[in-house]
1. Would you check the chain for Lys pairs whose C-alpha atoms are within less than 22 Å, ignoring same-chain pairs closer than 8 in sequence, and give me the count?
2. Could you pull out the chymotrypsin sites (Phe, Trp or Tyr not before Pro) across the range 64-101 that fall in loop regions by DSSP (anything but H, G, I, E, B) with no more than 13 other Cβ atoms inside 10 Å?
3. Calculate, for the chain, the solvent-accessible area per residue in square angstrom, rolling a 1.4 angstrom probe over the heavy atoms of the protein chains.
4. ³J(HN,Hα) across the range 11-24 via Karplus (A = 6.51, B = -1.76, C = 1.60, θ = phi - 60°), whole Hz, x for Gly/Pro?
5. Want the number for Ser25 to Glu42: 0.36 nm per residue separation, take away the alpha-carbon distance, what's left?
6. Subtract the Cα-Cα distance of Glu108 and Gln13 from 0.36 nm times their separation in residues, and report this length gain in nm to one decimal.
7. Leaving out ligands, DNA and RNA, what percent of the accessible area of the chain is carbon and sulfur, probe 1.4 Å?
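The values are calculated or read from the model by the stated rules, or taken from the named source; none is laboratory data. Remember, predicted model here, so these are calculated numbers, not experimental data. With ideal geometry, Cβ positions are generated from the backbone for all residues, glycine too; neighbour counts draw on all protein chains shown. Side chains are part of the model used for accessible areas, which takes the heavy atoms of the whole protein and leaves out ligands, DNA and RNA. Shrake-Rupley method; radii C 1.70, N 1.55, O 1.52, S 1.80 Å.
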Amino acid sequence: QVQTVESGGGLVQAGGSLRLSCAASGRYAMGWFRQAPGKEREFVAAISWTGVSTYYGESVKGRFTISRDNAKNTVYLQMNSLKPEDTAVYYCAARRDYSSTVFQRKNEYDYWGQGTQVTVSS
């Protein structure tokens, strides 16, 4: 069973940047989701095992970038131009898949991390 461990969350002012990291050993497609208090867990971004394919939620397109370094077993989420509405717990998820396919539904993922808090102040 793979362990996914997120890091890099914190408090930042609106307009600022943060980079989240997720360590996950093995050949997995990866995704980032977020959940704000009282809301459903929302898709943020996904990347295929090969790194060739990426996909983003509408609310983060043009501001967030997902990438991976398979040599380091790490996936990153670079978040720029942060807004207060980006405040949430961010979760990393992994799915066994060796292809160039990306996945955006929660039930398509096999493993989840504990989450890291991101707070954006106005």
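1. Summing the qualifying lysine pairs gives 5.
2. Passing both the DSSP loop test and the Cβ count: Tyr98.
3. 52 Å²
4. Here the 3J(HN,Hα) series is 9, 9, 7, 4, x, x, 10, 9, 10, 8, 10, 9, 8, 8 Hz.
5. Stretched fully, the Ser25-Glu42 segment lengthens by 3.7 nm.
6. Residue separation times 0.36 nm, minus the Cα-Cα distance, leaves 30.9 nm.
7. Here carbon and sulfur together make up 44 percent of the probe-accessible area.
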